[in-house]
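Working notes, structure below.
Please treat every number below as a calculation from the coordinates, not as lab data. None of these values were measured; they are calculated from a predicted model. Please note: Cβ atoms are built from the backbone with ideal geometry, for glycine as well, and neighbour counts cover all protein chains shown.
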Amino acid sequence: MIKLTNVSKSFSGFQALKKVSFEVKEGGITAFLGVNGAGKTTTMRIIDGIIPADEGEVQVGQYSPLHQAVKVKEIVGYLPEDNPLYSSFRVSEYLNFIARLRRIEGFPSEMYSLLRQMGVTKVWDQRISTLSHGYRQRVGLTTALIHRPQVLVLDEPLSGLDPLQKEEIMALLEKISRQTTILFSTHILPEVEKLCQRVIIIHQGEIRFQGDLSHLKGEVIIELSYQGKGKIKDKLLTQPNLQLVKAEELKRGSWQLTLKLTKGDKEKVIRQISKIVSGEGGLVLQLQPLQEDLSTLFNRLVKNEEN
């Protein structure tokens, strides 16, 4: 439904995106994760056709945001992080205005089921300036959905909401996802694990991971620190059940490895690693298995690099 291939973007010499490639398949909810400044908003604006990529290809459905921007806006609903609403308008006035811009006939009667689902009928005659943050988000979501888009792109839709408001918006997104493909950015991990089927992680303008959340369950990551020669690392990687994720020489003769267990019993492999290190004259400083979940994956790919 959404496909980016080697997309790059710079602003005044700063490269915000570096050959970004990922694909969002039709249906369900995909989370777009990253710390502030990772490139999430830039990517979403390119997808919606607000700004062009410097290079690379973007496809939304059958269309290109660069060459067929109007067609893309017909099938995409976009809610930016700042959720720009006309505060002096009443909810009814604002949504009628948006419906006219979208050339939607029969509004609001033809859209009553959506309006009721979004909960905006409860505040229909209120001025937007008097709404709580949660209801402002509901009005913003309604604006993004008013033309019945095939794709919904949401930039930090849960930001600033209290716990109850988050639960309400997440429940709405789950219902919407039954008929609409959703891509939403966030840096809040617990909500992602509750809501999403797939995740994309971006850091410093580069895609670091994309895959189904279900694939993370059961994976084991092993953190190993040791003193010894570099050939210990080479010997460890000859083992068929270990895959190198990251290797770093902290100082001469001191190494830190991140390994993925691809098969076999965890405790047996831990003993195997310890035996290899000591057998080559090395000293194990730390040897810790971690059950890979979204939090440990994000920390490994992003937070550890920030330190």
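The table below lists the values:
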| read-out | value |
| --- | --- |
| For the chain: relative contact order, % (alpha-carbon pairs under 8 angstrom, 6 or more apart) | 20 percent |
| Amide H within-cut-off set for Val245, under 5 Å, with H built and near neighbours excluded | Thr258, Leu259, Lys260 |
| Efficiency of FRET between Leu244 and Val35 - r from beta-carbon atoms, R0 30 angstrom, step 0.05 | 0.75 |
| Over 21 Å (Cα to Cα) - which of Lys229/Lys275; Lys122/Lys175; Lys194/Lys246; Lys194/Lys260; Lys235/Lys260 fall in this group | Lys194/Lys246; Lys194/Lys260 |
| Cα-based convex hull, the stretch 220-291, per residue volume (Å³, whole number) | 71 Å³ |
| Calculated FRET efficiency for the pair His133/Phe14, C-beta based, R₀ 35 Å, to 0.05 | 0.65 |
| Antiparallel DSSP beta bridges within the chain, percent to nearest 5 | 70 percent |
| Extent along principal axes [Cα atoms of the chain; Å; largest to smallest] | 78, 40, 30 |
| MRE, 222 nm, helices only [DSSP H, n ≥ 4, -39500 (n - 2.57), over the chain, to nearest 500] | -8500 deg cm²/dmol |
| Simple label model, 7 Å out from Cα along Cβ direction - Asn6 to Lys175, nm | 4.4 nm |
| Extension gain from Glu74 to Leu285, taking 0.36 nm per residue of separation minus the Cα-Cα distance | 70.2 nm |
| Extension gain (nm, one decimal) between Asp54 and Glu167, 0.36 nm per residue minus Cα-Cα | 36.9 nm |
| Point-to-point label distance, Asn299-Glu110, nm (Cα→Cβ direction, 7 Å offset) | 5.2 nm |
| Cβ-derived FRET efficiency at R0 22 Å, Ser214 paired with Lys194, nearest 0.05 | 0.95 |
